[in-house]
Structures are given as structure tokens and as C-alpha cells.
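One structure below.
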Amino acid sequence: MKKYLIINADDFGLSPGVNRAIGELHQAGVVFSATLMVNMPGFKEAVALARQCPALGVGLHFNLGYGTPICPAKQVASLVNQEGYFSQQADNWKENEVELELEAQWRRLVDAGIRPTHIDSHQFIQCYFSVFRPLVKLCQRKKLPLRRIPGEPLLNLRRPPAADYSLLDTYFDGNGKERLHKNLESLRPGVTELMCHPAYVDDTLISISSWTLVREEELRVFADSDLLPLIKQLDINLIHYGQIKFFR
């Protein structure tokens with residue numbers, strides 16, 4: 001069996017600098033998958049970029065951490081603080097309100113003309129039962145893959161499709177390039193997802209996220225001229241989630 005790799009860039013739509021980085025890595029032939037945050041300032045720009053890049057598979061990056069919900073705050077009161085922003089108080093989240101917001105974020109992506117290839121969650125919030133079950137149910141209904149992470153709750157539900165393996169690593173410290181190369185060299189036959197967070201730092205990103213310069217470091221690692229030759233040497237096939245069914 002061949003080795004297939006999905007290099008997925010998270011946080012598409014977060015800011016113009018994030019969008020620019022993902023677009024450049026796609027044009028360079030490295031990134032063919034991204035997950036889009038529909039309630040962030042760079043959303044419309046990301047949608048326009050995705051339309052220009054038909055080979056880029058785009059999924060939903062379900063977000064309950066940054067910004068405000070798509071739903072009216074009164075409908076999802078357990079998810080927000082008094083100012084109407086996501087509170088990040090996961091212990092208070094009500095599953096029915098998570099489901100409402102998930103459906104709203106999904107609908108905004110679809111209404112923008114994006115045909116999602118898969119779903120994952122920002123900051124791995126699917127480790128909470130109140131999030132994981134709605135995600136599983138939506139993926140089942142839409143027949144979409146769901147990124148798998150360690151520590152997911154046990155459910156008496158059939159699991160959605162997924163990559164065979166996930167590399168949920170970071171590449172922004174001093175040995176990021178070496179660790180990425182080791183991860184690639186260790187790939188097993190089948191489909192592996194490798195997560196990354198490339199970006200150029202801009203004022204929008206600084207105002208939202210504590211991850212700033214580390215994203216530029218990841219961009220440098222994935223834009224490095226040694227990466228594609230190594231992928232070719234290791235006979236790794238780059239795909240996106242929408243192509244998984246063709247390689248089973």
C-alpha cells in the first residue's frame with residue numbers, strides 16, 4: 001500500500017497573513033488541505049482564495065474559542081461571556097447549543113460556495129463530549145471525514161471516516177525542520193494527516209491569537225526548499241481529505 005499524506009493548514013480565514021501563507025504553500029505544491037474558520041476577519045478573503053485554488057481541499061475548522069458565534073448570543077448562552085464573545089468555559093457548554101453553533105458555522109461555509117472536504121476542531125475541543133457527539137453526528141450525516149485526536153470521548157456511535165494516522169505536532173522551535181523530516185521518514189503505508197499553522201504575522205493575528213511568531217517559523221519550515229525533494233524521495237503522495245475515498 002502506498003503512503004498518502006494530507007498536510008492540513010489550520011486556521012484558514014483567521015487573518016490576511018494566515019491566508020497569504022496558506023496560499024503560498026499551496027502554490028508551492030506543499031499544502032493541499034486547509035480548514036477554514038468562518039467567524040474570523042479573514043473569512044471572505046479565504047473563500048475568494050479557495051475559489052482560485054480548485055486543488056485546495058477546504059474543510060470546516062469548528063471554532064468555539066476565538067471571536068463571537070454565528071448564532072445570536074441568546075441562542076448559545078452557555079458558549080459566551082457577558083460581552084458575547086466565546087467564553088472558552090468548556091465545562092459550561094450545553095450540547096444542544098454546541099450543535100446549533102456547529103450547524104451555523106457549517107451553513108456559513110456552504111453558503112459561501114465551499115464544498116467542505118472534512119471537519120476538525122480549533123484547539124482540539126472535540127475532546128469534550130458536548131462537542132464530539134455533535135461533530136460525529138454532522139460528519140455522519142454529511143458523509144465527511146473527521147480529524148481524530150487522542151483522548152476523544154467514548155461514544156456508542158459509528159465513527160466517521162478519518163485518516164489512518166494523525167501527526168499533531170508543532171514545528172516552530174529550533175529543530176522544527178529536523179522533526180518534520182523525521183515524521184515524514186516514519187510515515188507508514190496508508191493515509192496520514194500532518195497538521196500545521198503557517199502564517200505571516202499581521203495586526204489582525206496579533207489582536208486575536210497568542211501564536212504569532214511561531215506561525216512564521218512553521219511557515220519557514222514548510223516553505224523550505226528541501227521539503228518537496230524529500231517528499232518525492234520518500235515516495236509520499238500529497239492529497240486532501242476529499243480524495244481519501246479514492247485511496248482505500
*From the list 131, 110, which residue is among the aliphatic types (A, V, I, L, M) and surrounded by 19 or more Cβ atoms within 10 Å (Cβ to Cβ)?*
131
*asked:* Name the single residue that is surrounded by the fewest Cβ atoms within 10 Å (Cβ to Cβ) among those in segment 1-40 being free of Cβ contacts under 8 Å to residues at least 60 places away in the same chain and part of a helix (DSSP H, G or I).
replied: 27
*Which ones in segment 41-78 are among the hydrophobic types (A, V, I, L, M, F, W, C), touching a residue at least 60 places away in the same chain (Cβ under 8 Å), assigned to a loop (DSSP other than H, G, I, E, B) and open to solvent by less than 10 Å² (accessible area, probe 1.4 Å)?*
64
_Out of the residues in segment 213-228 meeting the condition of being surrounded by fewer than 16 Cβ atoms within 10 Å (Cβ to Cβ) and over 22 Å from residue 56 (Cβ atoms), tell me which one is farthest from the chain's Cα centre (by Cα)._
226
_If residue 231 meets every condition in (1) over 19 Å from residue 41 (Cβ atoms); (2) of a type in the set (A, V, I, L, M, F, W, C); (3) open to solvent by 30 Å² or more (accessible area, probe 1.4 Å) apart from one, which number is that one?_
(3)
*State whether the residues of segment 55-77 include one that is among the hydroxyl-bearing types (Ser, Thr, Tyr) and farther than 29 Å from residue 221 by Cα.*
yes
*asked:* Of everything in segment 96-127, what is outside any strand (DSSP E or B) and in contact with a Phe, Trp or Tyr (Cβ under 7 Å, 6 or more places away or on another chain)? Give them in sequence order.
replied: 102, 105, 117, 118, 122, 126
*asked:* Just the residues that are in contact (Cβ under 8 Å) with a residue 24 or more places away in the chain, open to solvent by less than 60 Å² (accessible area, probe 1.4 Å) and within 21 Å of the chain's Cα centre (by Cα), please, taken from segment 82-102.
replied: 90, 98, 99, 101, 102
*asked:* With the requirement that a residue be without any contact (Cβ under 8 Å) to a residue 40 or more places away in the chain and β-branched (Val, Ile, Thr), what does segment 174-209 give you?
replied: 206
*Scan of segment 183-207 for residues that are β-branched (Val, Ile, Thr) and surrounded by fewer than 18 Cβ atoms within 10 Å (Cβ to Cβ), ordered by number*: 204, 206
*Hey, can you tell me all the residues within segment 139-185 that are assigned to a helix (DSSP H, G or I) and under 16 Å from the mean Cα position of the chain (by Cα)?*
139
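The values are calculated or read from the model by the stated rules, or taken from the named source; none is laboratory data. The shown structure was predicted, so the numbers you read here are calculated from the model rather than taken from an experiment. Cβ: placed from backbone, ideal geometry, glycine included. Neighbour counts: every protein chain shown. Each accessible area value is taken on the protein alone, full model and side chains, heavy atoms only, with ligands, DNA and RNA left out. Shrake-Rupley method; radii C 1.70, N 1.55, O 1.52, S 1.80 Å.
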